[in-house]
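Take a look at the structure below.
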Amino acid sequence: MREELPGDERVEFWRRRRDLSSDDLADGDPGDSVHEIAAVLRIDVPLLMGRDPQPQPLDVSDPIGENLDRVREFLERTDAMGPGPGTAVPSLAAITMMLRDAWQAYSHAEYDTLMAALPRLLRGAAVSDRTRAGGPEGPEASRLLSQAYQVTAAALRKLGEYHLSWLTADRAIEAAGRGRDRLLAATAARFVSAALLAIGRPAAAFNLTMAVTRAFPASSGPDPVIGGSLLLQSAAAAARMGDTAATRSLLSSAGAVATRLGCDADRYWTRFGPTAVELSRASAAVDLGDGGHAISVHHRLPPARLDDLPREQHAGHYLTLARAYLQVGGIGRAARALDTSTRIAPGEAHSPLHQAIRLQIGTA
């Protein structure tokens, strides 16, 4: 799928940031290809577009497409969420196990396995929530439904279904509210923010996460993992807006929380700690157009810390590194970083970001 051309204001913004004259841009003969324009401006396509890349059409033989349609149909049909005649209501323990397996598939970047599992998980969690509503198990059923929506939102964003990811994450917030779990609602807000960033609405993403961050201050709040993660999400939004000062301030605050925490820890399938902060520093640098700084961050990360990451995060960092090398003109190193990402997690080839980087390297 061909990317639409960026708006003139974004091209002009990056022309000035790169200290290029109008003649320099014209001399580069970028033509009508977004990849050629990005190459002349010495940035990568996602940065030029100001949003996540559009997905390429799935191959007709790719089972992810069929399961994606099933997930989409479920989310669009409210009648599918209730128990039908003779419907078996899964136990909370069974839903918990399905949820654990789904998150593990996501962390391993096994998106074909994940998409095959999501329709059953979503229906089971929704039926459980409606059946148990008003009873003693009602809040826990709602919390499990919120988590099912969150892993679905994560998968949809990974596959380029950004608006559907936004809708699903919003439902996760509502379910967490019924489950009376404010921390779970805060994690769901991160997925809403991520979806907003993906469609090119960084100001809305920033305002959302900052509002939630103020409700859960990482320094004194009930959970440093959630509070620190909100700071990182806010920093990502600030970087997308081009606000260097706010990005650095938020990353510094997150770094202080991570130092107090002392290690990388998980809460509600959210990972935060010193390594997460460094990964965010690299990603934010790329979104600010400073690929050189992102490469420096990568080189100071001990390989052992990268190897300890879930495969989805590990591979994602090498996509960030590939973007960084594209920004400094290191096409060969960008290709090697992309190959490393693919080797770590072959499933990342389904990601529109992976596809866009591969196309840009191929046309360089």
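The values are calculated or read from the model by the stated rules, or taken from the named source; none is laboratory data. Owing to the predicted nature of the structure, the values given are computational and were not obtained by experimental measurement. Cβ: placed from backbone, ideal geometry, glycine included. Neighbour counts: every protein chain shown. Heads up: the accessible areas ignore ligands, DNA and RNA and are worked out on the full protein's heavy atoms, side chains in. Shrake-Rupley method; radii C 1.70, N 1.55, O 1.52, S 1.80 Å.
What pairs come out if I take residues in the range 248-261 that are crowded, with 18+ Cβ neighbours inside 10 Å and pair them with residues that are modelled with pLDDT of 95 or more and among the acidic types (Asp, Glu) whose C-beta lies under 7 Å away, six or more apart or interchain?
Note: no pairs meet the criteria.
Please work out which one of (1) at pLDDT 75 or above; (2) farther than 26 Å from Tyr111 by Cβ is the condition Val71 fails and give its number.
All conditions are met except number (2).
In the range 171-213, how many are touching a residue at least 60 places away in the same chain (Cβ under 8 Å) and of a type in the set (S, T, N, Q)?
Of the residues in the range 171-213, 1 are touching a residue at least 60 places away in the same chain (Cβ under 8 Å) and of a type in the set (S, T, N, Q).
With Ala175, Ala141, Ala185, Ala155 as the choices, which residue is in contact with an Asp or Glu (Cβ under 9 Å, 6 or more places away or on another chain), assigned to a helix (DSSP H, G or I) and open to solvent by 10 Å² or more (accessible area, probe 1.4 Å)?
Exactly one residue qualifies, and that residue is Ala185.
Hey, among Thr342, Thr320, which residue is part of a helix (DSSP H, G or I) and open to solvent by 30 Å² or more (accessible area, probe 1.4 Å)?
Thr342
Please go through the range 160-172 and pick out each residue that is of a type outside the set (Val, Ile, Thr) and either open to solvent by 20 Å² or more (accessible area, probe 1.4 Å) or assigned to a helix (DSSP H, G or I) (or both).
Glu161, Tyr162, His163, Leu164, Ser165, Trp166, Leu167, Ala169, Asp170, Arg171, Ala172
Does the range 264-286 include one or more residues that are assigned to a helix (DSSP H, G or I), surrounded by fewer than 22 Cβ atoms within 10 Å (Cβ to Cβ) and at pLDDT below 95?
no
Could you list all residues from the range 198-207 that are open to solvent by 10 Å² or more (accessible area, probe 1.4 Å) and in contact with a helix residue (DSSP H, G or I) (Cβ under 7 Å, 6 or more places away or on another chain)?
Once the filter is applied, which keeps residues that are open to solvent by 10 Å² or more (accessible area, probe 1.4 Å) and in contact with a helix residue (DSSP H, G or I) (Cβ under 7 Å, 6 or more places away or on another chain), the range 198-207 yields Ile199, Pro202, Ala204, Phe206.
Would you pick out the residues in the range 290-317 that are among the small types (Gly, Ala, Ser) and open to solvent by less than 50 Å² (accessible area, probe 1.4 Å)?
Scanning the range 290-317 gives Gly291, Gly292, Ala294, Ala315, Gly316.
Is it the case that some residue within the range 197-209 is part of a loop (DSSP other than H, G, I, E, B), touching a Ser or Thr at 6+ places or on another chain (Cβ under 8 Å) and of a type outside the set (A, V, I, L, M, F, W, C)?
No, every residue in the range 197-209 fails to be part of a loop (DSSP other than H, G, I, E, B), touching a Ser or Thr at 6+ places or on another chain (Cβ under 8 Å) and of a type outside the set (A, V, I, L, M, F, W, C).
Tell me, which residue of the range 45-68 that is within 18 Å of Pro119 (Cα to Cα) and open to solvent by 60 Å² or more (accessible area, probe 1.4 Å) is modelled with the lowest pLDDT?
Checking each candidate, the answer is Pro63.
Those residues that are open to solvent by less than 10 Å² (accessible area, probe 1.4 Å) and not small (Gly, Ala, Ser), I need them from the range 106-128; list them, please.
Tyr111, Leu114, Met115, Leu118, Leu121, Leu122, Val127
What are the residues in the range 328-339 that are surrounded by fewer than 17 Cβ atoms within 10 Å (Cβ to Cβ) and either of a type in the set (A, V, I, L, M, F, W, C) or touching a residue at least 40 places away in the same chain (Cβ under 8 Å) (or both), if any?
Residues satisfying the conditions are Val328, Gly329, Ile331.
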